[in-house]
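What follows is a single structure, written as structure tokens, with notes after it.
The values are calculated or read from the model by the stated rules, or taken from the named source; none is laboratory data. Everything numeric here is computed off the predicted structure, so don't read it as measured data. All Cβ positions, glycine included, derive from the backbone under ideal geometry; neighbour counts span all protein chains shown.
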Amino acid sequence: MKTYDVVALGELLIDFTENGTSVQGNPVYEANPGGAPCNVLAMLNKAGKKTAFIGKVGQDIFGKRLKSVLEETGIDVSNLIMDADVRTTLAFVETFADGDRDFSFYRNPGADMMLREEELHADLLQDTRIFHFGTLSMTHEEVRKATKTAIRIAKESGAFISFDPNLREPLWRSLDEAKEQVAYGLSQCDILKISDNEIRWFTGEEDFDTGIAKLRSQYDIPLIMLSMGKDGSRAYYRNRIVGCTAQEQREAEDASDKLHYKDLRVEAAPFLQENTIETTGAGDTFGGCCLYHVLKYGLDNFDEEKLKEMLTFANAAASIITTRKGALRVMPEVAEVERLMAKRD
């Protein structure tokens, strides 16, 4: 038995999102707490799961506010470092008419990229069922080392590894470096959440099924969730083993004679909202809901019906978030998501 359902490592920042104009006609920005890993955890907490966050913020007004928000949300902050020597990372979000957005980051340096491996609390990583991370903690050498150490500790303790590339091009020295670090994440994870634009970018394939097949020819990932925005989502699942657990397979050096694979591909329609205002946090909400179902059923026990349930729930929750400013503090309750699903039925 583990104390935590999900522990995540990565960025915790302020998303300054547009919220109208001043009397002088200037854009007004609202300071929303954000950061993809904590958005995922916030959704899981709303679903009744126990979570913890590993990261760093500045000991400034924004860092103090972010810590308070996580405590309010119920996320364990025992490994949230407050650093007096560096400022909390900021992101300014420009929202377009269709709800999509663009980011400008103030992070040179930002506190999230200053996390060091000696600051990790190994007991958290050893005491979780799932460890979740993205690539914003892979953009610079020291925080990259911390991330890789965290993955190793969690994996050695039997946790499943969850990965969301969450590509933010301006934060990388080059896209070749980004591709190298995404490849590392793919080589480590058991659960992958990836977006339509990311799979095209990484594989060079326009067709999603072809791109996923290309990815799986290089990486053994049991569960892949593909988010496709207004086109819904897909799950690609390899029921990897008959008579052998995922941990046993992971430890086996050559078990090809006893492995039996059954690949499933399931698709679910989106829940389109007439009053969508922005998409910030929608992918994180989707990912958190998928992890909720992995915790519910176990990674080795999915079938088509359970995959469909997972995607439908995740699509519905993500659509709710598109109607709200920010994400971390406004995640939907499970009952609210189920009510939206019931309207379609």
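Hey, does region 319-328 have a residue that's touching a strand residue (DSSP E or B) at 6+ places or on another chain (Cβ under 8 Å) and hydroxyl-bearing (Ser, Thr, Tyr)?
The answer is no, given that none of the residues of region 319-328 is touching a strand residue (DSSP E or B) at 6+ places or on another chain (Cβ under 8 Å) and hydroxyl-bearing (Ser, Thr, Tyr).
What do you reckon, is Lys56 part of a strand (DSSP E or B), among the basic types (Lys, Arg), touching a strand residue (DSSP E or B) at 6+ places or on another chain (Cβ under 9 Å) and surrounded by 15 or more Cβ atoms within 10 Å (Cβ to Cβ)?
Against the criterion (part of a strand (DSSP E or B), among the basic types (Lys, Arg), touching a strand residue (DSSP E or B) at 6+ places or on another chain (Cβ under 9 Å) and surrounded by 15 or more Cβ atoms within 10 Å (Cβ to Cβ)), Lys56 qualifies.
Quick test for you: out of Thr73, Thr95, Thr51, Thr135, pick the one residue that is among the β-branched types (Val, Ile, Thr), crowded, with 16+ Cβ neighbours inside 10 Å, under 29 Å from Gln273 (Cβ atoms) and over 19 Å from the mean Cα position of the chain (by Cα).
Exactly one residue qualifies, and that residue is Thr95.
Which condition number in (1) aliphatic (A, V, I, L, M); (2) in contact with a Cys (Cβ under 7 Å, 6 or more places away or on another chain); (3) over 28 Å from Tyr237 (Cα atoms) is the one that Leu171 fails?
Only one criterion in (1) aliphatic (A, V, I, L, M); (2) in contact with a Cys (Cβ under 7 Å, 6 or more places away or on another chain); (3) over 28 Å from Tyr237 (Cα atoms) is unmet by Leu171, namely (2).
Among (1) assigned to a loop (DSSP other than H, G, I, E, B); (2) of a type outside the set (Asp, Glu); (3) crowded, with 21+ Cβ neighbours inside 10 Å, there is one condition Pro37 misses while meeting the rest; what is its number?
Of (1) assigned to a loop (DSSP other than H, G, I, E, B); (2) of a type outside the set (Asp, Glu); (3) crowded, with 21+ Cβ neighbours inside 10 Å, only one is false for Pro37: (1).
Output the number of residues of region 286-317 satisfying the condition of being under 15 Å from Leu192 (Cα atoms), of a type in the set (A, V, I, L, M, F, W, C) and part of a helix (DSSP H, G or I).
Of the residues in that region, 10 qualify.
Of everything in region 1-22 that's outside any strand (DSSP E or B) and modelled with pLDDT of 90 or more, which residue is surrounded by the most Cβ atoms within 10 Å (Cβ to Cβ)?
Leu12
Among the listed residues Lys193, Lys179, which satisfies the condition of being assigned to a strand (DSSP E or B) and in contact with a helix residue (DSSP H, G or I) (Cβ under 7 Å, 6 or more places away or on another chain)?
Exactly one residue qualifies, and that residue is Lys193.
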